[in-house]
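Data block below; observations after.
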Amino acid sequence: MKKRSSQFLMAILLIFLLAACTAREDAGTETDGDSDENRQEETSEKVIYWNNGEEPTTFDPPVGFNAVSWSPLNNIMEGLTRLNEEHLPQPAIAENWDVSEDGKTYTFHIRDDAKWSNGDDVTAGDFEFAWKRALDPELAASSAFLAYLIEGAESYNSGEGSAEDVAVKALDEKTLEVTLTSPQAYFLNIISLPTFFPINEKVAADNPQWFAEAATFVGNGPFKLTEWQHDSHLVMERNEQYWDAETVKVDKIHWAMVDDSNTEYQMYQSGELDSSDVPAELSEKLFEEGEVDIVDQAGLYFFRFNVSQEPFQNKNIRKAFALAVDQQQIVDFVTKNREQPAYGFVSPGFTDANGQDFRETNGDLLKTNIEEAKALLEKGMEEEGYDTLPEVVLTYSSSEQHKKIAEALQPMFKETLGVDVKLESVESSVFLDEQKQLKYQLSRSSFLNDFADPINSLESFQTGHSMNRTGWSNAEYDQLITDAKNEVEEEKRFELLYKAEQILMEEAPIFPLYYYNQPYLQNDAVTGVIRHPVGYIEFKWADKQ
């Protein structure tokens, strides 16, 4: 997973994402005294020390829709399929499956030796219960849309249908039948995500908050959750009940919660962590010394305009701000981790029906253009009757990296557009909820692909989509995405997706900044950690010498 390639990213699903902010005093330490001396005494135990960045939002599988929740969760639970070392879906809790001739109905056969960490059998009923629960409109899980490719799922989730209409059915204890709205090439990829993890129905009935504490958590993955000191650390241990337990070599994973990149790096240097992100201030030195490894990641850093607030109800004013941004300067002088500047929403690496890279084919759609930015601002202000532009506030979630990026954008808007943009930092614990409520005028954001297809990126901006968060709505765009989801012929499907992205960039409810990659430092003694380009961190095959 060293350099980006088309086939590489088409292989599959999202990543390990570390935030940056303030370190907590007790992060990265064992409660029983995790000193170097203690570690030396425990030479027979293989322990990997990792950083999760911050407290998981929740370990309720469909609800914790972010990397800080899903990365750990991916190691303590497992779905019907799991991404392997080559990032391809392989049999997991399902040992095999049959597909109907029309490609719409899948019949999964669950392993006889699939067990929960409490010793219960994993059943087809656990999957039916979990998938329908994820779609329950009362749960309001933000990842529910990922299941819309299942017949009856969208209507149930939107409150127009019932759970009985969802085409997921346990035929018996070990057989699950699923019917899709249309054949979907990425279905086996998408069901490896936590949204599609099973839930032990008996445990959930006894305790609806089973996922909230280590003492009550019941999983079915390679590791089991044994300790969760909130806002401090997590501990996972090898799960002896896991069907493939003999593959798992590591005894324990200790997850710290350190949200400052410099502190994280210092802990890596002192041996308190086995891996670290690359601090921007040290990136040039570390890259030159050959200390940094880089793997692919499908996703991007971008900003959202709120089209329901002035002045961004005007398309030309939005585009003026977008074209005033110099993405190349941001990656060269601010982030400094060799990211690729972004001039479209879909990441590089996805191949279309003709084997061409989607990004290369659709080209640069929203790229720095100082003169056009000035002209568009003038035009937009005339259209709105503005003599002076209303005050503009750029809001970002509190993190040193987000702050640096915001501070770099501020003079770009001033120098090109003559606009004094005010900056506002909001605690990450409330930022997302307020962004969803459209409280911000202009705000930072990020997108990481959940599955390896451009439609995953583009469907996010359909009207009313939980990921939209801009107030933008376009009927033609909505129809293109709907048609693409139902199109069986791949060449036609990609034509629809190309046109949809062109509309998105022309209307500019967002502007892209850069495409993510995964530069990291790692202890040479640790091997087999898989960082999926589209997917989550994987310790099933990890080892430590």
TODO: Considering (1) open to solvent by 60 Å² or more (accessible area, probe 1.4 Å); (2) among the β-branched types (Val, Ile, Thr); (3) in a loop (DSSP other than H, G, I, E, B), say which one Val430 fails and leave the rest.
DONE: (3)
- [ ] Would you check if Ser473 is modelled with pLDDT of 95 or more and outside any helix (DSSP H, G or I)?
- [x] yes
Open item on the list: Taking the conditions exactly as written (modelled with pLDDT of 95 or more and among the hydrophobic types (A, V, I, L, M, F, W, C)), does Leu9 satisfy them or not?
Closed with: no
Open item on the list: Looking only at segment 512-535, count every residue that is open to solvent by 10 Å² or more (accessible area, probe 1.4 Å) and outside any strand (DSSP E or B) and tell me the total.
Closed with: 5
- [ ] Can you give me the number of residues within segment 458-503 that are surrounded by fewer than 22 Cβ atoms within 10 Å (Cβ to Cβ), within 14 Å of Phe345 (Cα to Cα) and hydrophobic (A, V, I, L, M, F, W, C)?
- [x] 2
Task: Evaluation of Ala140 against (1) under 24 Å from the mean Cα position of the chain (by Cα); (2) on the phi > 0 side of the Ramachandran plot; (3) open to solvent by less than 30 Å² (accessible area, probe 1.4 Å) (one fails), failing number - done: (3)
- [ ] Select, from Asn118, Asn75, the only residue that is within 23 Å of Lys252 (Cα to Cα) and either surrounded by 24 or more Cβ atoms within 10 Å (Cβ to Cβ) or within 22 Å of the chain's Cα centre (by Cα) (or both).
- [x] Asn75
Task: Unique match (being touching a residue at least 40 places away in the same chain (Cβ under 8 Å), surrounded by fewer than 23 Cβ atoms within 10 Å (Cβ to Cβ), of a type outside the set (A, V, I, L, M) and out of contact with any Phe, Trp or Tyr (no Cβ under 6 Å at 6 or more places or on another chain)) among Asp112, Asp98 - done: Asp112
- [ ] Look through Lys540, Lys544 and report the one residue that is of a type in the set (D, E, K, R), at negative phi and open to solvent by 20 Å² or more (accessible area, probe 1.4 Å).
- [x] Lys544
- [ ] Sort out which residues of segment 153-203 are in a loop (DSSP other than H, G, I, E, B), open to solvent by 40 Å² or more (accessible area, probe 1.4 Å) and of a type in the set (A, V, I, L, M), and write them in order of number.
- [x] Ala185
Task: Test result for Ala452, of a type in the set (Gly, Ala, Ser) and closer than 17 Å to Phe345 by Cα - done: yes
Task: Residue that is outside any strand (DSSP E or B), polar (S, T, N, Q) and open to solvent by 20 Å² or more (accessible area, probe 1.4 Å), where the choices are Thr226, Thr216 - done: Thr216
- [ ] Could you list all residues from segment 86-96 that are within 23 Å of Lys485 (Cα to Cα) and in contact with a Ser or Thr (Cβ under 9 Å, 6 or more places away or on another chain)?
- [x] Pro89
Open item on the list: Quick check on Val307: is it of a type in the set (A, V, I, L, M), more than 20 Å from Trp70 (Cα to Cα) and touching a residue at least 12 places away in the same chain (Cβ under 8 Å)?
Closed with: yes
- [ ] Considering every residue within segment 381-389, establish whether at least one is modelled with pLDDT of 95 or more, crowded, with 17+ Cβ neighbours inside 10 Å and not in a loop (DSSP other than H, G, I, E, B).
- [x] yes
- [ ] Could you tell me whether Val248 is over 20 Å from Arg444 (Cβ atoms) and modelled with pLDDT under 95?
- [x] no
Open item on the list: I need the full set of residues from segment 273-313 which are in a loop (DSSP other than H, G, I, E, B), within 30 Å of Leu417 (Cβ to Cβ), open to solvent by less than 10 Å² (accessible area, probe 1.4 Å) and in contact with a helix residue (DSSP H, G or I) (Cβ under 8 Å, 6 or more places away or on another chain), in order please.
Closed with: Pro311, Phe312
TODO: Please tell me if Asp260 is touching a Cys at 6+ places or on another chain (Cβ under 7 Å) and open to solvent by 20 Å² or more (accessible area, probe 1.4 Å).
DONE: yes
- [ ] Name the one entry in Leu80, Leu88 that is open to solvent by 10 Å² or more (accessible area, probe 1.4 Å), out of contact with any Cys (no Cβ under 9 Å at 6 or more places or on another chain) and within 24 Å of Ser182 (Cβ to Cβ).
- [x] Leu88
Open item on the list: Anything in segment 322-336 that is polar (S, T, N, Q) and open to solvent by less than 20 Å² (accessible area, probe 1.4 Å)? List them, or say none.
Closed with: Gln327, Thr335
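The values are calculated or read from the model by the stated rules, or taken from the named source; none is laboratory data. Fair warning: this is a prediction, and the values are worked out from it, not measured in the lab. Glycine gets a Cβ as well: all are built from the backbone with ideal geometry, and neighbour counts include every protein chain shown. In case anyone asks, the SASA skips ligands and DNA or RNA and just uses the protein heavy atoms, side chains included. Shrake-Rupley method; radii C 1.70, N 1.55, O 1.52, S 1.80 Å.
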